[in-house]
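Below is one structure; the comments refer to it alone.
The values are calculated or read from the model by the stated rules, or taken from the named source; none is laboratory data. Model, not experiment: these values are computed from the prediction. All Cβ positions, even for glycine, are placed from backbone atoms using ideal geometry, and neighbour counts span all protein chains on display. Surface accessibility is based on the protein's heavy atoms, side chains included, excluding ligands, DNA and RNA. Shrake-Rupley method; radii C 1.70, N 1.55, O 1.52, S 1.80 Å.
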Amino acid sequence: MQSVAEIVAEFARRPWTAVPEADLGPAAQVPTMLTPEEGQLYHWLGRRAQGAGATVDLGAYAGGSAARLLSGLALSGRGFHVHSYDRFRSSRAFWARFMPEEPLPEADDADLLPVVQRHLAPWADRVTLHVGDIGGKRWTGGPIEILSVDAAKGSAMADHIAAEFFPALVPGRSILIQQDYLMAVQPWLPAQMVGLREQFLPLAHVPKVGLVFLCLAPVTGAALAVARVDGLTDGKLMGRVREAAAWHEGMVPRARFRAMLEQVKAHPGVRLGWQMRQASARAKG
């Protein structure tokens, strides 16, 4: 088993950047919102898995993140299974942008499930698709070795995900990917994680906005209570964001956190990313 120092050194080398596209196999053809480097990271994390628990993918969209995790896990030499969560619905705009080769549905809120099942068919016996609102889901599947979070689009959802999934992470082994961590319209994510700084160690910033963490200590109910973000006043939220900026000094440019503070100031009380984004667009237009 690697020591924390060995894991830190391993991630500092950024070995995922050397993963050739050919290693991804059929996963390389699955549409995704991930950047190329993020896709390499997901594959590499799957390949380095030690069999310490399940792999959980929160916010699957068309299956791109799950496919890249599965392609790596298949090369790990370990038994594996991916649990992928999403509503598996899509707007026409997102469908046209991210799946231009698929026939465009006639209406919004289109059913993505058949498309995702086709995308993940090479690993059908190694993946479970959990359909529906993640805010209503519970985790009862035992330890989690890899947890990808791309669904904490609001402060209440961030708290729910932390409460349900973080306690299953294995100290010294489990990897957490906060895919939207540095998005200006989701300031509750760094605010949440800085509240859990005794439980998590930042390992790498993966452009554009992702951060990777190592679980250091059990995530207890008491720790989750300290880290709660839903219900924070704007002032307390901004204070936590400033703490996060100091925590990530040298890994993340301060400008990322300044942008979050500007969003909170401009949209007091707003705790949903899409509402912040729409309000910003209206202000500019």
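Semi-axes of the equivalent ellipsoid for segment 73-190, please: Cα gyration tensor eigenvalues, times 5, square-rooted, ordered largest first, whole Å. Intermediate results must be reported in sequence, preceding the final value.
Numbers: eigenvalues 132, 86, 34 Å².
Computed over segment 73-190, the values are 26, 21, 13 Å.
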Among 152, 66, 52, residue whose mean-square fluctuation peaks in a GNM of the chain (springs only between Cα atoms under 10 Å): 52
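Taking all protein chains as present, what is the carbon and sulfur share of the accessible area of segment 138-235, in % to the nearest whole number, probe 1.4 Å? Let's see the in-between values first.
Numbers: 1740 of 2980 Å².
Its accessible area is 58 percent carbon and sulfur atoms.
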Residue 8 label point, 7 Å along Cα→Cβ, cut-off 15 Å on backbone N: hits in segment 213-250? 213-217, 247-250
Per residue, the convex hull volume that the Cα atoms of segment 156-285 enclose (Å³): 94 Å³
Computed curve, the chain, Cα-only Debye sum without solvent term, log₁₀ I(q)/I(0) at 0.08, 0.12, 0.14, 0.15 Å⁻¹, is -0.32, -0.75, -1.04, -1.20
In whole angstrom, note down how far apart the Cα centers of segment 255-279 and segment 178-231 are. 18 Å
What residues qualify as long-range amide H neighbours of residue 185, i.e. H under 5 Å apart, gap of 5 or more or another chain, H built at 1.01 Å from N? none
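Which entries in the list 137/236; 236/265; 208/284; 153/208 go over 21 Å, if you measure between the two C-alpha atoms of each?
Values: 137/236 28 Å; 236/265 12 Å; 208/284 23 Å; 153/208 17 Å.
Correct reply: 137/236; 208/284.
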When ligands, DNA and RNA are left out and all protein chains stay put, how many square angstrom of accessible area per residue does segment 119-193 have with a 1.4 Å probe? 30 Å²
GNM flexibility winner over the chain from 261, 104, 189 (Cα, springs under 10 Å): 104
Taking the alpha-carbon centre of each part, the distance from segment 102-149 to segment 4-21 in Å is 28 Å
Can you give the Kirkwood hydrodynamic radius of segment 51-132 from its Cα pairs, in Å with one decimal? 13.3 Å
